[in-house]
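Engineer: Dropping a structure here in structure tokens format, bear with me for questions.
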Amino acid sequence: MLSPRLLSSTRCRLHPTSSGRYIHNLDTSLRHRSIQPPKPINPQHAIYLSKSTNPYFNLSLEDWLFRHKAPDEPLLLLYRDDPCVVIGRNQNPWKEVNLPALRVREGVPFIRRRSGGGTVYHDLGNTNFSIHLPRTSFDRHMTAQVVLRAVCSLGIDATVNDRNDICVGKEKVSGSAYKIVSQRAYHHGTMLISTQLNTLGDLLHNTKDTMETKGVASVRSPVRNLQQFNRGVTHEAFVDAVVHEFNEEYGIRNVDGEVQIVSEDNCRDIEYIQNGMSELPSWEWAYGQTPEFTYTVSQAFEWGTVTAKIRSKHGIILDCACSLSVADNSVSSISAIQPGVVDSLDPQLKDIERALLNRRYGFVSAMEILNSLSINGVDDETGSGVRAAKDIALWLERTMNS
């Protein structure tokens, strides 16, 4: 039986608990709670703490708990991830993620999660919380208050905004997303404690203004770390505070209030989790779930300007329309290429359009495009028309890979 105690205000003040202690005493940590040693996991406990930092595991664990916990009981999961970018279920990675910046950071993936919402960055300076409840009693404002009280107990004067994000002043320290199914719902989110904010800003910076998507767009906001307001805040202190507030909110006592430690080792025999870990990095999930989008781009070359309008759905190029124009006052104008080459490029543009049809967006190379034009290599300089075709193919490869 749930016993929610929703605060009447979105601002949390520091108050002692029923035992008379303040939770923001940072000497209080998980060692003062009853923590079970690693053992085969089952989904019927109330509180779980993952010791794995593998994002594929943690997201799959979260989904398994969500699907297998008794539907009428509350659940809390806390975990941290190695560096990664996590996009929402209905988002476009080419629109949300700075993919070139991501590629130069070896071992930092982007992952499509199973809930909605916007794009976030995870690293070991960020702690993730996930509160699962029966759908009939789920209230995202109430779950936000649980996390808010935990932050306030750490000596930080925080508030909840109208999007249920935790803020200090006007800056976010936590963002949230939600998932609702027939009998269950969850509210999960990030808590920035000491994350690398420069990396976060770099990887989430994208300027594709001409990409129109039917997916969900992220709402960009200025962010801060909790340690910028209280240097003593740690992952362990935040976990302890959230566990306490969760227990208080839902009246969890005795063995149900024990923190269950989870590792990858005690989940290796759970097929659902193993399948999830295989699905998340697959092309079919990461790219193939992308909602329909249209990207219109133009590039000025020495000999003229090419405009391409590319339409894609579920990661597959549905059509591409290319057009060519040469301005009368362009640099070198027609003299940059042989007479008639501009006219001869028109059928080659049609061939390029056909070459892209039904291909995976972002996974088509310039060589594959050129092969469709019977050009045998990008270094084979056989004429100005061929050079122009190569220019276009290389530009389209760069454009779709960015």
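Okay, residues lined up against (1) of a type in the set (A, V, I, L, M, F, W, C); (2) within 11 Å of the chain's Cα centre (by Cα); (3) surrounded by 22 or more Cβ atoms within 10 Å (Cβ to Cβ):
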{"site": "Asn58", "(1), (2), (3)": "no, no, yes"}
{"site": "Glu73", "(1), (2), (3)": "no, no, no"}
{"site": "Asp82", "(1), (2), (3)": "no, no, no"}
{"site": "Ile87", "(1), (2), (3)": "yes, yes, yes"}
{"site": "Leu99", "(1), (2), (3)": "yes, no, no"}
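Engineer: Can Ala217 be described as out of contact with any Gly (no Cβ under 6 Å at 6 or more places or on another chain) and modelled with pLDDT of 95 or more? Outline the logic, then answer.
Structural biologist: Values: out of contact with any Gly (no Cβ under 6 Å at 6 or more places or on another chain): yes; modelled with pLDDT of 95 or more: no.
Criteria not met by Ala217.
Engineer: Look at Asp209 and say whether it is more than 30 Å from Val297 (Cα to Cα), at pLDDT below 95, in a loop (DSSP other than H, G, I, E, B) and open to solvent by 40 Å² or more (accessible area, probe 1.4 Å).
Structural biologist: Working: more than 30 Å from Val297 (Cα to Cα): no; at pLDDT below 95: yes; in a loop (DSSP other than H, G, I, E, B): yes; open to solvent by 40 Å² or more (accessible area, probe 1.4 Å): yes.
The answer is no for Asp209.
Engineer: Right, here's the next one. May I ask you to list the residues in the range 243-266 that are open to solvent by less than 10 Å² (accessible area, probe 1.4 Å) and either among the charged types (D, E, K, R) or over 20 Å from Asn128 (Cβ atoms) (or both)?
Structural biologist: If the condition is that a residue be open to solvent by less than 10 Å² (accessible area, probe 1.4 Å) and either among the charged types (D, E, K, R) or over 20 Å from Asn128 (Cβ atoms) (or both), then Glu249 is the only one that fits.
Engineer: Now a separate question. If we scan the range 243-256, do we find a residue that is assigned to a helix (DSSP H, G or I), closer than 25 Å to Asn54 by Cα and either at pLDDT 95 or above or not aromatic (Phe, Trp, Tyr) (or both)?
Structural biologist: The answer is yes, given that some residue of the range 243-256 is assigned to a helix (DSSP H, G or I), closer than 25 Å to Asn54 by Cα and either at pLDDT 95 or above or not aromatic (Phe, Trp, Tyr) (or both).
Condition check ((1) out of contact with any Pro (no Cβ under 9 Å at 6 or more places or on another chain); (2) open to solvent by less than 30 Å² (accessible area, probe 1.4 Å); (3) not aliphatic (A, V, I, L, M)) across all residues:
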| site | (1), (2), (3) |
| --- | --- |
| Gly107 | no, no, yes |
| Phe110 | no, yes, yes |
| Tyr121 | no, yes, yes |
| Ile131 | no, yes, no |
| Thr136 | yes, no, yes |
| Arg140 | yes, no, yes |
| Val147 | yes, yes, no |
| Gly155 | yes, no, yes |
| Ala158 | yes, yes, no |
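Engineer: Since Ala177 meets every condition but one in (1) without any contact (Cβ under 8 Å) to a residue 24 or more places away in the chain; (2) part of a strand (DSSP E or B); (3) not basic (Lys, Arg), which condition does it not meet?
Structural biologist: Ala177 satisfies all of (1) without any contact (Cβ under 8 Å) to a residue 24 or more places away in the chain; (2) part of a strand (DSSP E or B); (3) not basic (Lys, Arg) except (1).
Engineer: Of all residues in the range 218-242, count the ones that are in a loop (DSSP other than H, G, I, E, B) and open to solvent by 20 Å² or more (accessible area, probe 1.4 Å).
Structural biologist: Looking only at the range 218-242, we keep the residues that are in a loop (DSSP other than H, G, I, E, B), and these are 218-222, 224-225, 229-234.
Among the residues that remain, those that are also open to solvent by 20 Å² or more (accessible area, probe 1.4 Å) are: 218-222, 224, 229-232, 234.
Looking only at that region, the number is 11.
Engineer: Filter the range 270-306 down to residues that are among the polar types (S, T, N, Q) and open to solvent by 40 Å² or more (accessible area, probe 1.4 Å) and give me whichever is farthest from Phe110 (Cα to Cα). Full working, then the answer.
Structural biologist: Taking the range 270-306 as the starting set, the residues that turn out to be among the polar types (S, T, N, Q) are 274-275, 278, 282, 289-290, 294, 296, 298-299, 305.
Cutting the leftovers down to open to solvent by 40 Å² or more (accessible area, probe 1.4 Å) gives us 274-275, 278, 289, 296, 298-299, 305.
Values: Gln274: 19, Asn275: 18, Ser278: 14, Gln289: 14, Thr296: 24, Ser298: 27, Gln299: 28, Thr305: 33 Å.
For the range 270-306, the residue satisfying everything is Thr305.
The values are calculated or read from the model by the stated rules, or taken from the named source; none is laboratory data. In this text, all values refer to a predicted model and were calculated from it rather than measured experimentally. For neighbour counting, all protein chains shown are included, and Cβ atoms are generated from backbone atoms with ideal geometry for every residue, glycine included. All accessible areas refer to the heavy atoms of the entire protein, side chains included, with ligands and DNA or RNA removed. Shrake-Rupley method; radii C 1.70, N 1.55, O 1.52, S 1.80 Å.
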